[in-house]
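**Q** Quick one: the structure is below, questions incoming.
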Amino acid sequence: MSDINILLEKNKAWASKVKAEQPEFFEYLSAGQSPEYLWIGCADSRVPANEIIGAISGDIFVHRNIANMVIHTDINCLSVIQYAVDILKVKHIIVCGHYDCGGVKASMTDEEYGLIDNWLGHIKDVYRLHQEKIDALETEKEKQDLLCEVNVLEQVKNVCNSSILRKAWERGQDIKVHGFIYDVSDGVLKDLNVSVD
Ligand code: CO
């Protein structure tokens, strides 16, 4: 079987297993979605949003990109946030970073990677904002880890400062923004305690 057909076979097996365990599951999902969470995470294959928080289909609305960035001119990410806030009325937005993030690590070098260098420029901006604290650390690993953490903090700020959240809070909508970080080496998700409401 070719590698790509394995995916289709696995899907078939999964769909039958779910149906066997919960016969009404797909019927229930067909009626629509009302997730309470919006997850903004890294595209890294080791940080699958649903899986690491034990969520099932319908639980979380997800946006992922390289290094879990929220850029004020990124119409893709902003559209996801607007839909989640204005239409789905999620209660929580989680920006989730992770240690050992390739995007964060790449932004700390002067190497050229092509088009993505423009995207990584935004992480370099985050580095400059926290440069003193980061540079004071001894090892490269400590520096990378801190940049992964402060990057989450800055993206939480970007979510909060978006016109979408400002308007939602202005009209009294109940919505909180959180910053989490995930450790790919032990599977543990940590709250960075930067929640805003
Ligand atoms: Co990453």
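**Q** Looking at ILE52, ILE66, ILE71, can you tell me which residue is touching a residue at least 40 places away in the same chain (Cβ under 8 Å), surrounded by fewer than 17 Cβ atoms within 10 Å (Cβ to Cβ) and aliphatic (A, V, I, L, M)?
**A** Criteria check complete, one pass: ILE71.
**Q** In the range 75-107, how many residues are free of Cβ contacts under 8 Å to residues at least 60 places away in the same chain and within 16 Å of the ligand (Cβ to nearest atom)?
**A** 7
**Q** Let me ask something else. Just a yes or no: is a residue in the range 15-23 in the same structural domain as ASN151 (by TED's automatic domain parsing) and more than 25 Å from ILE123 (Cβ to Cβ)?
**A** no
**Q** Which residue out of SER57, SER45 is part of a loop (DSSP other than H, G, I, E, B), on the phi < 0 side of the Ramachandran plot and within 16 Å of the ligand (Cβ to nearest atom)?
**A** Of SER57, SER45, the one residue that is part of a loop (DSSP other than H, G, I, E, B), on the phi < 0 side of the Ramachandran plot and within 16 Å of the ligand (Cβ to nearest atom) is SER45.
**Q** Which pairs do you get when a residue that is assigned by TED's automatic domain parsing to the domain that holds ILE71, found in the range 109-134, comes within reach of a residue that is assigned to a loop (DSSP other than H, G, I, E, B) and open to solvent by less than 50 Å² (accessible area, probe 1.4 Å), reach meaning Cβ atoms under 8 angstrom, with the pair 6+ apart or on two chains?
**A** So the pair list comes out as TRP119/ALA67; TRP119/MET69; LEU120/ALA67; HIS122/MET69; HIS122/ILE71; ILE123/ALA67; ILE123/MET69.
**Q** Just the residues that are over 21 Å from VAL70 (Cα atoms) and either touching a residue at least 60 places away in the same chain (Cβ under 8 Å) or crowded, with 19+ Cβ neighbours inside 10 Å (or both), please, taken from the range 175-186.
**A** Within the range 175-186, VAL184, SER185 meet the criteria.
The values are calculated or read from the model by the stated rules, or taken from the named source; none is laboratory data. This is a predicted model, so every value here is computed, not measured. Every residue, glycine among them, receives a Cβ derived from its backbone with ideal geometry; neighbour counts consider all protein chains shown. Each accessible area value is taken on the protein alone, full model and side chains, heavy atoms only, with ligands, DNA and RNA left out. Shrake-Rupley method; radii C 1.70, N 1.55, O 1.52, S 1.80 Å.
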